[in-house]
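Let me begin by presenting the structure, written as structure tokens, before commenting on it.
Read-outs throughout are calculated quantities, based only on the coordinates presented, and are distinct from any laboratory measurement. Being a predicted model, the structure only gives us computed values, none of them experimental. A quick note on method: Cβ atoms are made from the backbone with ideal geometry, for glycine too, and the neighbour counts reach across all protein chains shown.
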Amino acid sequence: MALKNNDTKVHDVGLIRYADVDANGSTSNSFDYTARTAFGYTPELDGYGLQMIDVSNSANAFVNGVFSQDVPGGPSCQYFTHVLGPLQSTDGSLFMEADLPTLGAKASGNFVTQYKSF
């Protein structure tokens, strides 16, 4: 994903990627996260799930992390209010939060978020 500043001024920009996980059609999932990966899944032995991975490695962006949260909706302006993990039997979601501290005039910032099903 490319984010372009169409303005003639430099801006500080924040970006959030979000996914409501209902693995295998269920709203009762387990969740957890690491610094660059978050995942939600059905806990059965043959369970299904979704993994969100930050693979940006962008020189002009700082990814604060990929997180799981205990609500199905996207993050509020208070990003980390619902960040928790590990979680069980929860209708939760995943999100990645990144910053472009100085996105120059007419410049672009690139983010690569990979979604994997399992």
Distance in nm between Tyr18 and Val55 label points, each 7 Å along Cα→Cβ, equals 2.5
The extension gain from Thr34 to Ala2, computed as 0.36 nm times the residue separation minus the Cα-Cα distance, is 9.1 nm
For Gln78 and Thr102, extending 7 Å from Cα along the Cα-Cβ vector and measuring point to point gives, in nm, a value of 3.3
